[in-house]
Ligand code: TYD
Ligand code: MG
């Protein structure tokens, strides 16, 4: 006998609970739990079934070695990011905020070298065609399908047998097997699983587009990330023309090949020397510092700004954009205890330019220096760059790839480089390499 079981899944973190609650017990998100129904076989039935099942073993020893076949797409930056091209029979997920350029990117991925089925639940054939014409995309064997129904999409794929199936976007697709609206957690997950199955079965690559939600997570649960072979995020500020093509997960290669792209009237173009594109040419003001983040093997210099304001009433506010709020609270506690800043009566705002969401701990020191600069109303010395991790006792801890960051900073003409203690040799002629050990030592570097 098949019983239908109901569980509730969080759309933010993927946690599951047997009963509905207003707040997710795992991540604390409000109103994120969504109903999911799935069938559960009776235990006895399950046992019987297990005994009947046939299994086909494969002798791994006898499996022929073959190079994983990769489809070289029409977008060279995309190929570089995923180590040479999309692997056949794999599923790649492209995530990003609305309007960031996901549809543009997948249009550029189109190539006349292989057979493609392009499914869109959002756009019409003529709008897709006119975009491709504008981007100068070469089309040869491309079938277009304006469809939301997964069963129809799958049967379309069976008929066309393309090398690459593109689905824009997974939030608009629904399967009749699940009784909820398109875009919900269970729909998104079930559709992805089915697309994965058909990718393996037809030996075709599948590329699906997914919107990210307000918190920056891939819409649908985190579980989507576990399901697929490769996750690529298109990040950046919509108002700014630069985007980062960042590989979050890759089953068939490294995640070190992030690419910085520029949105032009002809679509995305690769940026050749991206390290300083996010720096403004204006003078650095109080509360602003320059720091670096590492993305794969790429060093990017960013501006980090802090605003410290007397709290008007009640609880002091801590707001961040691009930086982890919990980390900020921890750093504020360290600054209060170890550097004597009385922040209890001040609102603190942090902003990282460029529209990035950075979890990198190497930003700690720059956050602290920016807050100190805003709090003391003193500017950081000119031509200074700062990076390092801060520990709970106010000690400055070393970070990965310090040498690469220093080299890039010197190449860009920075004169003062504030870093954790560093004993490897770098050629630092004409540059002031300042090694700090304790958070309170930072104050000296305010002008
Ligand atoms: P789009 O790819 O539709 O974003 P998404 O699919 O992620 O929602 O494109 C978003 C923006 O990009 C749109 O506002 C216009 C701009 N754009 C260009 O600047 N140049 C171009 O060549 C194209 C196609 C779009
Ligand atoms: Mg789109």
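Nothing in this text is a laboratory measurement; each read-out follows from the coordinates by a stated rule. Here the structure is a predicted model, which is why all the values come from computation and not from measurement. Here Cβ is always computed from backbone atoms with ideal geometry, including for glycine, and neighbour counts include all displayed protein chains.
Can you divide the C-alpha Rg of region 352-412 by 2.2 N^0.38 Å and report the result to two decimal places?
Rounded to two decimals, the normalised Rg is 1.20.
Can you tell me what the convex hull of the Cα atoms of region 277-445 projects to on average, as an area in nm²?
9.3
Under the rule a/c < 1.5 gives rounded, and otherwise a/b versus b/c splits prolate from oblate, where does region 101-161 land using the Cα gyration tensor?
Here region 101-161 falls in the oblate category.
Using all Cα-Cα distances in the chain, what percent lands in each 20 angstrom bin from 0 up to the longest?
The calculated distribution, bin by bin, is 22, 47, 28, 3.
Starting from the Cα gyration tensor of region 70-272, multiply each eigenvalue by 5, take the square root, and state the resulting semi-axes largest first in whole Å.
Listed largest to smallest, the semi-axes of region 70-272 are 23, 19, 17 Å.
Calculate for the chain the 222 nm mean residue ellipticity that helices alone would give, adding -39,500 (n - 2.57) per DSSP H run of length 4 or more and normalising by residue count, nearest 500 deg cm²/dmol.
-7000 deg cm²/dmol
Suppose R0 equals 22 Å. What FRET efficiency, 1/(1 + (r/R0)^6) with r the Cβ-Cβ distance, do residue 411 and residue 256 give to the nearest 0.05?
0.60
Given region 265-349, what percent of its DSSP beta bridges are antiparallel, to the nearest 5?
For region 265-349, the DSSP antiparallel bridge percentage is about 85.
Report, to the nearest 10°, how far helix 125-135 tilts away from the longest principal axis of the Cα atoms in the chain, using its own Cα long axis and a range of 0 to 90°.
Here the helix axis deviates by roughly 50 degrees.
Could the peptides 399-406, 20-27 be put in order, highest first, of the mean number of other beta-carbon atoms found within 10 Å of their residues?
Ranked by mean Cβ neighbours within 10 Å, highest first: 399-406, 20-27.
So how do 387, 323 line up by other beta-carbon neighbours within 10 Å, fewest first?
By the 10 Å Cβ count, ascending: 323, 387.
What distance in nm lies between label points placed 7 Å from Cα along the C-beta direction at residue 381 and residue 197?
Between residue 381 and residue 197, the label points sit 6.5 nm apart.
Contour minus end-to-end for residue 159 and residue 76, with contour as 0.36 nm per residue of separation and end-to-end as the Cα-Cα distance?
27.0 nm
When the Debye formula is applied to the Cα atoms of region 252-350, each taken as the same point scatterer, what base-10 log of I(q)/I(0) results at q = 0.12, 0.15 Å⁻¹?
Reported log10 I(q)/I(0), two decimals: -0.59, -0.81.
So how tilted is helix 185-202 from the main axis of the chain? Cα-based, degrees 0 to 90, rounded to 10.
60
Label points 7 Å out from Cα along the Cβ direction at residue 176 and residue 397: separation in nm?
5.5
State the Kirkwood hydrodynamic radius of region 145-217 in Å, one decimal place, computed from all pairs of distinct Cα atoms.
Answer for region 145-217: a Kirkwood hydrodynamic radius of 12.5 Å.
Which residues in region 155-183 have a backbone N closer than 15 Å to a point placed 7 Å from the Cα of residue 143 along the Cα-to-Cβ line?
The answer is 155-167, whose backbone nitrogens lie closer than 15 Å to the label point.
Can you give me the distance in nm between label points at residue 134 and residue 285, each placed 7 Å from the Cα along the Cα-to-Cβ direction?
It works out to 3.4 nm between the two label points.
By count of other Cβ within 10 Å, fewest leading, how are 414, 78 ordered?
414, 78
Given N residues in region 92-193, what is its alpha carbon radius of gyration divided by 2.2 N^0.38 Å?
Rounded to two decimals, the normalised Rg is 1.07.
What FRET efficiency, computed as 1/(1 + (r/R0)^6) with R0 = 25 Å and r the Cβ-Cβ distance, is obtained for residue 269 and residue 317, rounded to the nearest 0.05?
So, using R0 = 25 Å, E works out to roughly 0.05.
Would you give the gap between the C-alpha center of region 72-133 and the C-alpha center of region 230-263, rounded to a whole Å?
Cα centres, region 72-133 to region 230-263: 14 Å.
Going by how many other beta carbons lie within 10 Å of each one, how would you line up 371, 166, fewest first?
Least to most surrounded, the residues fall as 166, 371.
Any idea what log10 I(q)/I(0) is at q = 0.16, 0.25, 0.32 Å⁻¹ for region 132-185, Debye with uniform C-alpha scatterers and no solvent?
-0.59, -1.05, -1.33
Hey, with R₀ at 51 Å, roughly what FRET efficiency would residue 238 and residue 59 work out to, going by the Cβ-Cβ distance, to 0.05?
0.45
With axes computed from alpha carbons, what is the tilt in degrees of helix 150-160 against the longest principal axis of the chain, rounded to the nearest 10 within 0 to 90?
Taking Cα atoms only, the helix is inclined about 70 degrees.
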